[in-house]
Each structure stands twice: as structure tokens, then as C-alpha cells.
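Worksheet: one structure, shown below.
Bear in mind that the values in this text are calculations on the coordinates, not laboratory data. Source: prediction; values computed, not measured. Every residue, glycine as well, gets a Cβ built from its backbone with ideal geometry; the counts of neighbours run over all protein chains shown.
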Amino acid sequence: MKRFIGFITKEFYHIFRDTRSLFILFGMPIAQVMLFGFAITNEINNVNIAVLDKSKDATTQEIINKITASTYFSNKQFITNEAEIESAFKKGNIKAVLVFEKDFSEKLIKENKATVQIITDATDPNTANTVNNYVSSILQKYQQETNKNIKPIYQIVPQSRMIYNPELKSVFMFVPGVMTIILMLVSAMMTSISITREKELGTMEILLVSPIKPFQVIIGKVVPYIFLSIINAIVIVLLSIFIFKMPVQGSLFLLAAQSILFIINALSLGILISTISETQQTAMMVSLMGLMLPVILLSGFIFPISSMPVPLQIISHVIPAKWFIIILKGIMLKGVGITILWKETLILVAMTVFFIVLSIKKYKIRLE
């Protein structure tokens, strides 16, 4: 019995001396609880909206102030005419536009009825529905407060209009997200595992001292996954078009170019993971925990980023998947071009270059 207790004590010592084991036991559960607790929410906060106020009277200003005073919305801009609505949505800065009809106050007094149109970006159906419900609720509350001492009562009628996805098909939201997850996992995880396998078996050192140059070895390991990822991307797009009837409003050439850019980005991230992983198991764990969870939770795929705490919003900026999902939705659903998506493209290019340079630097250190 004494030997058995000694053996158990030894195992405790081994665990507490191994920082990786301690991180898996205590660090990962805490990180997951924090991520799931803050990121997974159906509520919305600080959603950017625009206002087209055709009336510009005291009543419309009071309603606008009530809406923007809530924690749910922030007034990003005022629009002067209806022609600006589509361009505002395509830039991706806003999620909804409130349109107050002309002579709003006058119609409330004379006809006891006035209309507010709520136009929402339905590329994310859940957010669009929530925004519509929140605005309608605020309007209803304002109407109840106004009608306390007024007879006949005033009626403010909200009119909803969903653009880019009027039928609110959830598949329009899931296709870009699923495409991003698949390309990230196939490209990054499989590349990192493939290179780490060579290191684990001891054949990487043989390859690096062979007549083939080190960068050729890495490129040779990566090229097959570029073609496999491109095939995956083509299959996903074809399925979305012909099976799920998802439109591609923008340029197919631009869609292909952006997909290849993201694939290269994911591959460079996979190479970077392989530099810090000594075993295939470690590479898989880092890929799954370091890539898959952030892609699902912090990319805006399912949960709106604007509703997350500021620290998580900042972290989301360094996740390539976030920018690729914006690009996919912009091209496929909104039909926008590079003139709108240039910022997201530059960010992906910069991240790709950073991952490649860092990977090269780490491999040089290993070779020395």
C-alpha cells in the first residue's frame, strides 16, 4: 500500500512539473468557459444603424434619441437620400437603416398614424430578426408613453424590409462560415500534421540536409494541400449554388482569388503551428483548440462580434476567418467588388506575409 501511495505521489509530481499538462487541466477549461460565456449570446449590443429622416421634426428626433440611447444600438451615420442606403449596407458598417416618412409629426396629429421603415441586412438572418424586434419594441414603448395623455391615440407603424436575404434562409449564413471552417481545417491542420509527422519520425532532418533546399521541402509539403483545398472550395460553392440555391451576386473570379488567398493564409498558419509542435498530437490539439474554436466563436460566423466584450472584439481582429467571412458575404450576397473589400483583402495579405516570415525565421533557428 505504501508503494502504491508513493506511485500516486510520483504521478502528481509529474503532472505539476509539466506546464503543458497543467495548461490542459486548468487553463483550457477556464479559457473555454470564458469564451463560451461571453461569445455565445443571442442578444445584440452596440449594433451600428443609419437613419434616413425625411421629416426632421421634434418627434422623429425624440424617437431617434430613444433608440440610440439604448445599449442595443449606436447611430453610425445619417443618410440624406434613399440612394445612399444600398451603398451604406455594402460597405458593411451598418446592420440596419431606419427610414422616417415625410411629415411624420404632422401625420401623427392629423391621421393619428405614421410609418417607420426598418431595413435590415439579412446576410445574418438571426441578427436581422433580433434588430427588427428590438426596434419594434422600442417604438411600441415610445408609443405607449406618448398615448398616456393623448386621445385619440397615436399609432406608429413599423414596416420591416430584409435585404440580401428576404426569405431569411439560414443557409445563406452557414455556407460562408462552413466554407471558412473547412478550408481552415484542411489547410492549416493537415499541413501542420503533415510537417510534424516528418519531424516526429526523424525524416525532416534528412530532408533538410538533402540536395533539396529547405524552402522547397516546405513548399513541396504545402502544394498538394493547396490543390485539395481549392477542390474543396469549388465543391462547396457548387453545392451552395445548385443544391441550396444560394446566389453569387459578385464576380466568380474575385471569389476564386480571395479563396486562394485565404487558403495560402491558412497554409502559412499551419506551417507556423508545425514549428512549435514536436508531435502530431500536439499539432492536432493546437490546430483544433487554437483555430477551430476561435473560427466558430470569434469570427462572426454564428454570433455577432459587436455584442461581445471589447477584449474579445479586439482578439477577433487577428483571426483571419473573420475577414474571409466578410469577403464571402460581400461577394456572394451583396455583389460588392474589390473597391469595397480592399481593406479586408489587405489585412489577409498582411497576415499571410507575417505568418510566412515568422515560420521562415523559426525554421532558420531550428536549422542553426
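Which whole-number percentage describes the relative contact order of the stretch 47-146, with Cα contacts under 8 Å and a sequence gap of 6 or more?
32
If you project the alpha carbons of the stretch 47-146 onto their three principal axes, what span does each projection cover, largest first, in Å?
Taking the Cα atoms of the stretch 47-146, the three principal extents are 38, 26, 19 Å.
Ranking request for peptides 225-235, 113-123: highest mean number of other beta-carbon atoms within 10 Å first, then the rest in descending order.
Ranked by mean Cβ neighbours within 10 Å, highest first: 113-123, 225-235.
Contour minus end-to-end for residue 1 and residue 102, with contour as 0.36 nm per residue of separation and end-to-end as the Cα-Cα distance?
Here the answer is 27.6 nm.
Please compute the modelled spin-label separation between residue 292 and residue 276, points set 7 Å along Cα→Cβ, answer in nm with one decimal.
Roughly 1.9 nm, to one decimal.
Only four residue types carry charge here, +1 at the Cβ of Lys and Arg and -1 at the Cβ of Asp and Glu. Report the dipole size of the stretch 39-105 about the Cα centre in Debye, rounded to the nearest 20.
240
So, in the stretch 247-368, how many Lys pairs have Cα atoms under 23 Å apart, if the pair is 8 or more places apart or on different chains?
Within the stretch 247-368, the lysine pair count is 4.
For residue 242 and residue 227, compute 0.36 nm times the residue count separating them, minus their Cα-Cα distance, and round to one decimal in nm.
So the chain would gain 3.2 nm between residue 242 and residue 227.
Between rounded, prolate and oblate, where does the stretch 242-319 land on the alpha carbon gyration tensor, with a ≥ b ≥ c its root eigenvalues, rounded for a/c under 1.5, else prolate if a/b exceeds b/c?
Oblate, because a/c is 1.5 or more while a/b does not exceed b/c.
Applying 1/(1 + (r/R0)^6) with R0 = 22 Å to the Cβ-Cβ distance of residue 69 and residue 110, what FRET efficiency is obtained, to the nearest 0.05?
Calculated value: 0.20.
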